[in-house]
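**Student:** The following block contains the structure, expressed as structure tokens.
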Amino acid sequence: MNYVSPWMDADLEGFRDAVKRFVDAEIVPHNERWRKQQHVDRDTWNKAGEMGILLADIPEEYGGSGGTFAHQAIVFEELSFSGDTAFGIHVHAIVAHYLLNQGTEEQKRTYLPKLASGEMVAAIAMTEPGAGSDLKGIRTTAKLEGDHYVLHGSKTFISNGYLADLILVVAKTDPEAGSKGISLMLLETKNCGDGFRVGRILEKVGQKGQDTCELFFDGARVPRENVLGGVEGKGFVQLMTELPYERVIVGIAGVAAIEKALALTIEHTKERKAFGQALIELQNTRFVLAEIKTEATVARTFIDRCIVDMLEGRMDTELASMAKYWITDLQCKVVDQCVQLFGGYGYMLEYPIAQLYVDARVQRIYGGANEIMKEIISRSL
Ligand SMILES: Cc1cc2nc3c(=O)[nH]c(=O)nc-3n(C[C@H](O)[C@H](O)[C@H](O)COP(=O)(O)OP(=O)(O)OC[C@H]3O[C@@H](n4cnc5c(N)ncnc54)[C@H](O)[C@@H]3O)c2cc1C
């Protein structure tokens with residue numbers, strides 16, 4: 001089959017080769033060690049910054065590489081094809097997009113170049129122990145005292161939490177005003193006083209190299225001018241505007257993981273023998289793989305349409321939610337079927353298919369649980 005994504009061209013192929021070389025040299029060899037230490041090496045961020053892949057689709061005037069969403073999509077795809085889930089470039093890019101689309105000119109000029117170079121690592125802190133899907137239920141507060149906001153509360157499950165230098169914190173600036181009282185605060189972890197603490201790096205089922213943390217605010221200080229967009233109370237609308245970007249990214253990683261699982265399983269079933277023949281010669285194996293190949297192709301054409309919509313600026317929240325829910329459900333189903341075809345080897349973590357299996361599960365939960373995606377889609381019925 002000779003399918004080429006409609007958004008790819010020769011220049012992007014060259015970019016893809018360069019990203020792949022970077023991932024092979026700077027990410028893949030460290031994956032096992034990162035899983036043990038529960039975070040990537042800090043200098044990997046600086047190396048990726050030097051390569052120009054951290055903010056591939058942010059304009060050059062803000063320090064980005066001046067590419068399009070296609071460039072950023074390639075970075076996410078190559079990381080996913082490599083099997084990496086440790087390097088938290090996804091949330092980093094998400095925060096950059098909040099800044100680009102919702103930040104003041106000064107906020108963009110202050111932070112985007114540092115995020116592009118890797119001088120700063122970014123995280124976004126929405127989820128709390130008592131509020132995940134129901135974001136309006138957050139309890140973290142930010143109270144203006146003179147020229148600073150003072151933050152109280154806690155967050156959990158925060159990707160990049162251990163290494164983050166800049167955290168976009170969702171807080172209530174007016175607890176009586178419902179969703180209109182929510183604001184996004186740009187908190188510098190090394191410059192917010194001693195009222196900020198990073199809790200433990202959480203022990204997860206998969207994605208073990210990713211530093212997912214608890215965060216505690218007990219009088220952390222954020223300068224008044226660091227409310228995203230410069231005006232209080234816009235946080236909920238800013239979240240709703242930017243979440244589709246995050247959901248498409250989850251879908252992109254999901255399709256790449258499906259394609260990777262299929263390739264690994266074809267290779268294994270061609271080599272492995274049972275009952276005097278290669279596993280792939282058994283009808284069940286061929287039929288399962290034929291189904292997966294079909295589903296992978298449907299998912300690929302769907303995500304390609306999403307990428308084109310992103311490039312043309314017409315992505316909407318329903319389509320992004322469909323991509324997030326449908327692709328990640330498919331990812332978990334497909335990877336499970338592939339594990340089955342690997343037999344016992346599929347359950348051994350030294351086999352990449354087993355890593356794909358444990359890393360896949362959370363895709364249906366974060367970025368908005370898939371049930372929330374269906375809520376959003378159903379509003380358009
Ligand atoms: C590895 C990992 C990384 C994460 N990274 C980040 C991060 O960087 N920043 C951040 O802010 N958060 C992050 N999260 C949090 C993630 O976004 C939340 O876990 C997710 O939104 C679900 O919230 P919850 O865990 O509180 O589940 P709950 O809100 O308690 O929901 C539990 C389940 O109930 C069901 N449910 C909930 N509401 C509805 C509804 N309205 N209709 C039907 N069913 C419903 C769903 O099945 C849902 O999965 C991360 C989570 C994980 C596990």
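**Student:** HN-Hα J couplings of the stretch 70-84 from phi, Karplus 6.51/-1.76/1.60, θ = phi - 60°, integer Hz, Gly and Pro as x?
**Tutor:** Per-residue couplings from phi come out as 4, 4, 5, 4, 4, 4, 5, 5, 5, 5, 5, 4, 6, x, 7 Hz.
**Student:** Now for a separate question. Among 33-46, 109-122, how do they line up from the highest to the lowest mean number of other beta-carbon atoms within 10 Å? Could you put the intermediate results ahead of the total?
**Tutor:** On the way: 33-46: 17.1, 109-122: 21.4.
Highest-to-lowest ranking by the protection proxy: 109-122, 33-46.
**Student:** Additional query: Which of rounded, prolate or oblate describes the stretch 136-198 when judged by the alpha-carbon gyration tensor and an a/c cut-off of 1.5?
**Tutor:** oblate
**Student:** Just the Cα atoms of the stretch 263-312, one point each, no solvent: what log10 I(q)/I(0) does Debye give at q = 0.25, 0.32 Å⁻¹?
**Tutor:** Debye output, listed in q order: -0.87, -1.10.
**Student:** Which value, in Å³ per residue, describes the convex hull spanned by the Cα atoms of the stretch 165-312?
**Tutor:** So the per-residue Cα hull volume is 176 Å³.
**Student:** If you don't mind, another one. For Lys190, go through the lysines and keep the ones whose alpha-carbon is under 18 Å away, minus same-chain ones fewer than eight residues off.
**Tutor:** Lys114, Lys155
**Student:** How far is helix 283-311 tilted off the main Cα axis of the chain, in degrees rounded to 10, range 0 to 90?
**Tutor:** Tilt relative to the chain: about 30 degrees.
**Student:** Which chymotrypsin sites (Phe, Trp or Tyr not before Pro) from the stretch 253-315 combine a DSSP loop assignment with at most 13 other Cβ atoms within 10 Å?
**Tutor:** Phe275
**Student:** If you don't mind, there's one more thing I want to ask. Kindly provide log₁₀ I(q)/I(0) values, in the same order as q = 0.09, 0.12 Å⁻¹, from the Debye equation applied to equal alpha-carbon scatterers of the chain.
**Tutor:** -0.52, -0.91
**Student:** Another one. Ranking request for peptides 7-15, 77-85, 314-322: highest mean number of other beta-carbon atoms within 10 Å first, then the rest in descending order. Working shown, then result.
**Tutor:** Values: 7-15: 13.9, 77-85: 22.4, 314-322: 18.7.
Ranked from most to least packed, the peptides come out as 77-85, 314-322, 7-15.
**Student:** Would you calculate a helix-derived [θ] at 222 nm for the chain, using -39,500 (n - 2.57) for each DSSP H run of n ≥ 4 and dividing by the full residue count, to the nearest 500?
**Tutor:** Calculated from helices alone, the mean residue ellipticity at 222 nm is -16000 deg cm²/dmol.
**Student:** So if I average 1/r over every pair of distinct C-alpha atoms in the stretch 88-147 and take the inverse, what Kirkwood radius in Å does that give?
**Tutor:** One decimal place: 13.4 Å for the Kirkwood radius.
**Student:** Let me ask something additional. Using 1/(1 + (r/R0)^6) with R0 = 30 angstrom and r between the beta carbons of Tyr3 and Val237, what's the FRET efficiency to the nearest 0.05?
**Tutor:** E(calc), rounded to 0.05, equals 0.20.
**Student:** Hey, can you rank 361-374, 325-338, 197-210, 245-258 by average C-beta count inside 10 Å, highest first?
**Tutor:** Taking the mean over residues of other Cβ atoms within 10 Å, the ranking is 245-258, 325-338, 361-374, 197-210.
**Student:** Could you tell me the calculated FRET efficiency between Thr68 and Arg200, based on Cβ-Cβ distance and R0 = 30 angstrom, to the nearest 0.05?
**Tutor:** 0.20
The numbers here are math on the coordinates, done by the rules we state, and not lab data. Just so it is clear, the model here is predicted, and its values are computed rather than measured. All Cβ positions, glycine included, derive from the backbone under ideal geometry; neighbour counts span all protein chains shown.
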